[in-house]
Amino acid sequence: MQAFVDRRARLLKRMAHGIAVIPTAPERVRNRDSHHPYRHDSYFYYLSGFTEPDACLVLTAGEKPQTLLFCREKNPDREVWDGFRHGPDAAREMFRFDAAWPISDLDEKLAELLAGQPVLHYALGHDAGWDQRIAAALNRVRANARDGARAPAAIHDIRVTLDEMRLIKDEHEIADMRRAAAISAAAHRRAMRAAAPGRAEYEIEAELTHEFRRSGAQAPAYAPIVAGGANACVLHYAANSQPLRDGDLLLIDAGCEVDSYAADITRTFPVNGRFTPAQRDVYQLVLAAQRAAIAEIAPGKAWDAAHEAAVRALAQGMRDLKLLDGSVDGIIESGAYRRFYMHRTGHWLGLDVHDAGEYKRDGVWRPLAPGMTLTVEPGCYIRAADDVPPALWNIGVRIEDDALVTPSGCEILTEAAPKSVDAIEDWMVRAGAK
Ligand code: GLY
Ligand code: MN
Ligand code: MN
């Protein structure tokens, strides 16, 4: 729990004064009376470690800072149906708050707590239901103006401060991310072993999610993409419904969530265990682009340097493969490469798969710093077209790893998923001839 206590203390220091209100996510109906699997809010979890729904964190800064949790009361009847609830007393003790109250008291208490505070720190616009609740509490304070009550004069977006904090991972977070990365890499190894002509994309998805759950991961961090053949050229392919064909590549983008932290890995490999010459050419190009990008991940390097390096390598390769003509500089300047590489080379990774944090500050790509975690994911997606060599039609390759910026460069957290052509072919052959 110490990591969460420390983060609250750091936030209170940065706030300097005022009150922060950080609710968790609401439960969402899937259909009629069934709910989507519950996932707490990432900001709320970051500061509390508390995973029950119907909860809200209130922090007051100043000379005597206070940390308060509102949560569901114990309810033996409901607990028979839905399971354990901490209740305020146990939650206060276990999660180390100064005080905890029933969530049913929140509206009344909030008006008391807001009165006289100069600033409210809150993520306005994040959730319409909570916005209304906060506005109502502010109006209750204003309604008491003649008694001398005063509502905060300013609302500051708390995400500005929290996003900066979340950008640099502490040891506790890095440990969770290492576990998520290790389990996800094992799932990719399992998927490579399971793939074979005639099996279906959804069967391979089942292998991935089986490995996640048997290893203790709570859920996939995002909907897995299991895309055989031409489906790999659909960037957010979600159906995972087609049979795998001999001679095709299979692109898998899948990662799990462990104790709220995500991994995000893509591997592309031949369904039958052997790359064709054309597939190998495209694969080696994307791998070279990824290596060039990884070489640009180090403290002080600009966020965009890895993307620029990947684009340069890809542009050169697209020219070599006769996908594009003209000079490399010309291909980059005109953006012609975007026909085959239309996304960026990475994103922050953490509690959210596309994690919190600015990429530019004052119009300038921010420099990397130790403790930042990001993905490196170049790709090349070649659809069938008259002006494309037919041998390359419907080849889609992406290679994605998760990097931790270290004092001397970066560490790849997802190395355990086979990546070179030889490593993939060896692993698949060892897994049994296809
Ligand atoms: N899996 C989502 C992404 O790669 O960004
Ligand atoms: Mn990604
Ligand atoms: Mn991904």
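Key figures for this structure:
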item: Residue-level accessible surface for Ser104, protein heavy atoms, 1.4 Å, Å²; result: 90
item: For peptides 421-430, 340-349, sequence by mean Cβ density within 10 Å, most packed first; result: 340-349, 421-430
item: Amide H contacts under 5 Å for Ile395, placed H, 5+ residues apart; result: Ile382
item: The range 89-178, relative contact order [Cα under 8 Å, separation at least 6], %; result: 29
item: Ordering of 130-141, 242-253, 381-392 by packing [mean C-beta count within 10 Å, highest first]; result: 242-253, 130-141, 381-392
item: Derived scalar couplings ³J(HN,Hα) [the range 19-29; Karplus, 6.51 cos²θ - 1.76 cosθ + 1.60; whole Hz; x for Gly, Pro]; result: 10, 10, 10, 10, x, 8, 6, x, 6, 10, 6
item: Built amide H within the under 5 Å cut-off of Ala200, gap 5+; result: Leu244
item: Cys233 accessible area, assembled protein chains, probe 1.4 Å, Å²; result: 10
item: Cα-centred dipole magnitude for the chain, charges only on beta-carbon of K, R (+1) and D, E (-1), debye, nearest 20; result: 60
item: Principal axis dimensions, the range 189-301 - Cα atoms, whole angstrom, descending; result: 48, 37, 23
item: Heavy-atom accessible area per residue - the chain, 1.4 Å, Å²; result: 45
item: Protection proxy ranking, peptides 408-417, 265-274, 152-161, 50-59, average beta carbon neighbours within 10 Å, highest first; result: 265-274, 50-59, 408-417, 152-161
item: Estimated vicinal HN-Hα couplings, Hz - the range 359-369 in sequence order (Karplus 6.51, -1.76, 1.60; Gly, Pro = x); result: 9, 10, 10, 6, x, 10, 4, 6, x, 6, 9
item: Solvent-accessible area, 1.4 Å probe, carbon plus sulfur percent, for the range 109-178; result: 52
item: Options Ala90, Ala149, Leu114, ranked by Cα towards positive dipole end of the range 78-149, top entry (Cβ charges); result: Ala149
item: Under the Karplus curve 6.51 cos²θ - 1.76 cosθ + 1.60, θ = phi - 60°, whole-Hz ³J(HN,Hα) for the range 248-263, x wherever Gly or Pro sits; result: 8, 8, 10, 9, 10, 10, 8, x, 9, 10, 10, 6, 5, 9, 9, 10
item: Label point 7 Å beyond Cα of Ala288 along Cβ direction - residues of the range 309-339 with amide nitrogen under 12 Å; result: 312-322
item: Average Cα contact separation per residue, the chain, under 8 Å, 6 or more apart, as relative contact order %; result: 13
item: Accessible-area order (highest first, 1.4 angstrom probe) of the listed residues Tyr202, Tyr359, Tyr46; result: Tyr202, Tyr359, Tyr46
item: DSSP H segments from the chain that extend 30 Å or more along their own axis, Cα-based, with Kyte-Doolittle mean of -1.0 or above; result: 171-194
item: Under 14 Å, Cβ to Cβ, from Arg133 - net charge with Lys/Arg +1 and Asp/Glu -1; result: -4
item: Computed FRET value (nearest 0.05) for Phe84 with Ala145, which takes r as the C-beta separation and R₀ as 56 Å; result: 0.85
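The values are calculated or read from the model by the stated rules, or taken from the named source; none is laboratory data. Computed from a predicted structure; not experimentally measured. All Cβ positions, even for glycine, are placed from backbone atoms using ideal geometry, and neighbour counts span all protein chains on display. The accessibility values were calculated without ligands, DNA or RNA, using every heavy atom of the protein model including side chains. Shrake-Rupley method; radii C 1.70, N 1.55, O 1.52, S 1.80 Å.
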